[in-house]
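To keep things clear, I will list the structure first and then write my remarks on it.
Quick note: the coordinates plus some simple rules give every number you see, no bench work behind them. The structure displayed is predicted, hence computed values, not measured ones. Virtual Cβ from ideal backbone geometry, glycine too; neighbours counted across all protein chains shown.
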Amino acid sequence: HLTDSGPTYHFMNYQFPKDFIWGSATAAIQIEGAASEAGKGPSIWDDYCQQHPERIFQQANPAIACDHYHRMPEDVALIQQMAHNGYRFSLSWPRLLPQGTGALNSKGVAFYDRLIDRLLAAGIAPNVTLYHWDLPLALAQQGGWGNRQTVDHFVAYAEHCFRLYGDRVPHWATINEPAWSILNGYVTALHPPCVHSYKQAIQAAHHMLCAHALTIQKYHQGDHNGQIGIVLNMSTVYPATQSSQDRAAAQLADGALNRWFIDPVLLGRYPEDIWQYYADWDLLPEHSGEELGWFTEDSIDFIGVNYYYPHYASGDATTTQFHLNTTGENDPQQDCVFSIKGAFKFVKNPQGRYTDWDWEIYPEGLLQLLQRAESYRPGIPVYVTENGIGLQDQLDFSPSLPVQQHVDDQERIDFVAEHLKVIHQALAEGVNVKGYYMWSLMDNFSWINGYKKRYGFLYIDRDNNLQRYRKKSSYWYQSVIENNGF
Ligand code: BG6
């Protein structure tokens, strides 16, 4: 029921633990803007959007994004209004270190100081990701994640961050979704550096995992009060049919996308079957024995999981092809395609419910993913660090509508509620879920989808000075937080 003060709910069927973190998430390049201001260096994404505007829907770019860099106090006030007790964001490596290494940019340092202090003053716990895909361009030009030196540069950057903010940040994550960062950068080539090379993909992934492992060691060796983990997507993968070919394809897809990343992080070693598979294709990464020793069990304090949709793997992959629906037109011609010849391809679920961008809505996938995290290490604290739905939200100022309905995103409320229900079930089964961060706090630069695909609790009016408006879902979520359930 909507009242003047927002929605009220009469039944509390889903009660959450009392210390549960309720938040939303963002990433620096997707919201900050001020791309070449105040000493910030260019990132690989700033450059990509300039060099290849045609590859981004409606030629969008992150130069201004949501202008959060200038409007941060207003944004933190809105987060507080929405009653969040947590907020996940990322630091921009090139804002702090314009060349990726060397001297710190004092204005960048001061920006995050102000952000963290304001959040804490508002009772909102920061959950900080060190790397959410905005590699400094200077490092990209020296080979990026393909270059072993990037590992050392990343660790040095992380140590700066711990020294600058470690006294105030309770939760750190090293890297956001290493698997998709690598797949999109080096396999699908939909994201920069836009390379099609399995060999380079596996090498870059190895370096990323090394950077993660060393950073965790450094954090734990330091005198910090907080906890550190990583954010993995851990996409649930099902066989398209029960044929042995599809089951083998699902096992391979799960190994390449999930286990190749989860196992080093949680078990301290690469999965043997995929190691052998890559060895057979001469794809193993160059590595030193010492590096493999950096992967240890029990190194992380928590795991962050991002979940959007599941995959159905078929072994009938006769072509190599990748495509993402960026139009949001719900057009079968635009359906997402991910097919690796001779390995696996992802197919649609004929019974599935799909968004206009062709992403399936399947909350049960999140339940299985949470159970899986628990099975890797019983009792490990798990945060759902991203979960959300891209919609074509619209502003409607009809005088008959209360302010809470100026952006009526009921579909987002339904989506979040369905996913919270399965989180509640996971809790009942004993999974140690500690918090939920909806993607996203605000409509933002959705990578190659540009700005049409809206994810936020806050509507950003791109036709009117980036004005912020709370959507109906934000009032609903506020009531969930205030009741610690719904
Ligand atoms: C996650 C990323 O994979 O998916 C976010 O961590 C991203 O940065 C989100 O925005 C949704 O993806 P997209 O491409 O629809 O914006």
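For the reader, a short list of remarks on this structure follows.
- Pairwise FRET efficiency - N483 versus Q242, Cβ, R0 = 41 Å, nearest 0.05: 0.45
- Listed residue pairs exceeding 27 Å between alpha carbons, taken from K40/K434; K18/K452; K452/K472: K40/K434; K18/K452
- Local net charge near F445, Cβ-Cβ under 12 Å (Lys/Arg +1, Asp/Glu -1): -1
- Cα→Cβ-extended label distance, 7 Å offset, between T319 and Q58, nm: 2.9
- V195 paired with T296, simple spin-label distance in nm, labels 7 Å along Cα-to-beta-carbon: 3.0
- Relative to the current alpha-carbon distance between R168 and H220, full extension at 0.36 nm per residue lengthens the span by 17.2 nm.
- Cut-off 15 Å between beta-carbons: net charge of the residues surrounding Q425, Lys and Arg +1, Asp and Glu -1: -2
- Inter-centroid distance (Cα atoms) of region 262-301 relative to region 424-486, Å: 35
- Note on K199: lysines with a C-alpha under 20 Å away, same-chain residues under 8 apart excluded, are K341, K345.
- Distance between the C-alpha centres of region 69-128 and region 26-67: 18 Å, rounded to the whole angstrom.
- Dimensionless Rg ratio for region 19-153, taking C-alpha atoms and the 2.2 N^0.38 Å reference: 1.10
- Local electrostatic count at T319 - Lys and Arg +1, Asp and Glu -1, tallied over other residues with Cβ under 10 Å: +2
- The simple spin-label model puts a point 7 Å past each Cα toward its Cβ; for L401 and A279 those points are separated by 6.0 nm.
- FRET efficiency estimate (nearest 0.05) - Cβ-Cβ, R269 to E429, R0 35 angstrom: 0.80
- Normalising the average separation of contacting C-alpha pairs (under 8 angstrom, six or more residues apart) by the number of residues puts the relative contact order of the chain at 18 percent.
- Cβ-Cβ distance of K18 and A122, R₀ of 22 Å, FRET efficiency by 1/(1 + (r/R0)^6): the value works out to about 0.65.
- Its relative contact order, with pairs defined as Cα atoms under 8 Å and 6+ residues apart, puts region 9-164 at 28 percent.
- Placing a label point 7 Å from the Cα of Q467 along the Cα-to-Cβ direction, the residues of region 430-448 whose backbone N falls under 20 Å of that point are 442-444.
- Hydrodynamic radius of the chain per Kirkwood, over alpha carbon pairs, in Å: 22.8
- Ascending count of other beta-carbon atoms within 10 Å, so fewest first, for Y131, Y455: Y455, Y131
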